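Right, one structure below, let's go through it.
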Amino acid sequence: MKLVFISKSDKKAAWGDSLQAQLPDLEFLIWPDEISDADKASIDYALVWRPPTGVLKTFPNLKAILSLGAGVDGVLVDPELPTHIPVCRLVDRCLTQGMTEYVLYHVIRQHRRFGDYEKMTAAGEWDVFTQEDARRRGVGILGLGELGRDAAEKLVALDYDVASWSRSPKDVAGVTSFHGADGLDGFLARTQILICLLPLTDETQGIINAEHLAKLPKGAYVINCARGAHVVDDDLLAALDSGHIAGATLDVFNEEPLPKDHAYWTHPKVIMTPHAASLTVPHSAAEYVAENIRLIEAGETPMNIVDLTTGY
Ligand code: NDP
Ligand code: OXD
């Protein structure tokens, strides 16, 4: 059984070792260096992160395309993507844990004004802010899938007033569910800290725009840890500059790495991380990838097949 690894990741060796520990019969080949044209027909699986356009179709006998990420926008963007085989996205304990840590850190940082305390300390000032009640802090999560749900449950455990917005209605203890286009305005109106954990699709692109930012209460805070293209940058910058939006934590950007001259770099109300909200950890994610390969080899349906019509 042969797998081709197509990614610029610097963790290639760790992936090879971790997968072969799970599947000793697996031949792990790195594209392009370890693949000749003659090899291509013998490859069974492609494990990929943002594969270059047209590369996947050159492997004629793939059984599945396995994503190294939870988000598959970088795979589905290929106009020549083979569509007769499953594309499976990544769902992984460490990926979920990392995202929940990121969300909790930034929600608490904003709720307790720790960023303002940092600025005060740097300015040599001493002052104490009012401590707000978490039960009165409306936290809203766009997208209540694998990642959004875990973050929501842990925010509920910390007593925040949590709501979610998804395509279909949800029933998660302590989380007020809004769904569909008709549910968005109500969700935004009660959200003081907005977290985006949506997949990037035609429907969700640009969802954090002037119209929707204006529907958040004045002083709301935005956390985008999904994809840069969920945000219309000029609209967010305008809302920050007008004071309607108090600040933003951004992990993902329309262009990555973020161009050096982008306004976000120096904006006093923006804090950033370099698409590092949660990273794929080979030792745990390999268990999931291996399990999906075992399922396919056994003739069963793999986990988390992407619906190519909805894009996630
Ligand atoms: P899931 O597919 O599990 O969940 C997606 C959620 O979004 C679902 O609740 C879905 O609703 C909802 N949704 C999708 N489209 C719409 C729509 N048009 N209207 C309303 N709701 C919608 O994804 P994950 O939770 O696993 O991952 C979410 C995203 O996080 C990834 O796609 C990726 O872009 C990003 N990510 C970012 C990382 C980082 O480091 N910055 C790391 C990992 C992921 P429903 O349940 O009703 O279908
Ligand atoms: C992902 C990511 O989608 O890391 O998994 O962005």
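The values are calculated or read from the model by the stated rules, or taken from the named source; none is laboratory data. For clarity, every value in this text was computed on a predicted model and none was experimentally measured. Using ideal geometry, Cβ is built from the backbone for each residue, glycine included, and neighbour counts are taken over all protein chains shown. The protein model used for the area step is the full one, side chains on, heavy atoms only, and it has no ligands, DNA or RNA in it. Shrake-Rupley method; radii C 1.70, N 1.55, O 1.52, S 1.80 Å.
A few remarks follow.
- Residue among HIS111, ILE207, ALA276 farthest towards the positive dipole end of the chain, charges placed on Cβ: HIS111
- Within the same chain, lysines fewer than 8 places from LYS2 are excluded, and of the rest, those with a Cα less than 20 Å from its Cα are LYS11, LYS12, LYS40, LYS57, LYS63.
- The listed residues ASP78, ASP39, once ranked by accessible area (1.4 Å probe) with the largest placed first, stand as ASP39, ASP78.
- Each label point was placed 7 Å from the Cα along the Cα-to-Cβ direction; for SER168 and LEU279 their separation is 3.5 nm.
- Lys, Arg +1 and Asp, Glu -1 on Cβ, resulting dipole of the chain about Cα centre, debye, nearest 20: 580
- Integer Hz, Karplus 6.51/-1.76/1.60 couplings in order for the stretch 37-49, x for Gly and Pro: 4, 5, 6, 4, 5, 8, 7, 8, 9, 10, 10, 9, 9
- Under 25 Å from the Cα of LYS154 - lysines, other chains or at least 8 residues apart: LYS170
- Cα-projected label distance for ALA38 with GLU125, points at 7 Å along beta-carbon direction, nm: 7.1
- Highest to lowest packing among 4-12, 258-266, 100-108, scored as the average C-beta count within 10 Å: 100-108, 4-12, 258-266
- The simple Förster model, with R0 at 45 Å and r as the Cβ-Cβ distance, assigns ASP25 and ALA238 a FRET efficiency of 0.20.
- Surrounding net charge for ALA70, when Lys and Arg each add one and Asp and Glu each subtract one, Cβ distance under 14 Å: 0
- For the stretch 15-21, putting each phi into the Karplus relation 6.51 cos²θ - 1.76 cosθ + 1.60 with θ = phi - 60° gives couplings of 5, x, 4, 5, 6, 6, 5 Hz, in residue order, rounded to whole numbers and with x for Gly and Pro.
- Extension gain (nm, one decimal) between LEU308 and LEU158, 0.36 nm per residue minus Cα-Cα: 50.4 nm
- Here the dipole of the stretch 101-151 is about 180 debye; that uses its Cα centre as origin and unit charges on the Cβ of Lys and Arg (positive) and Asp and Glu (negative).
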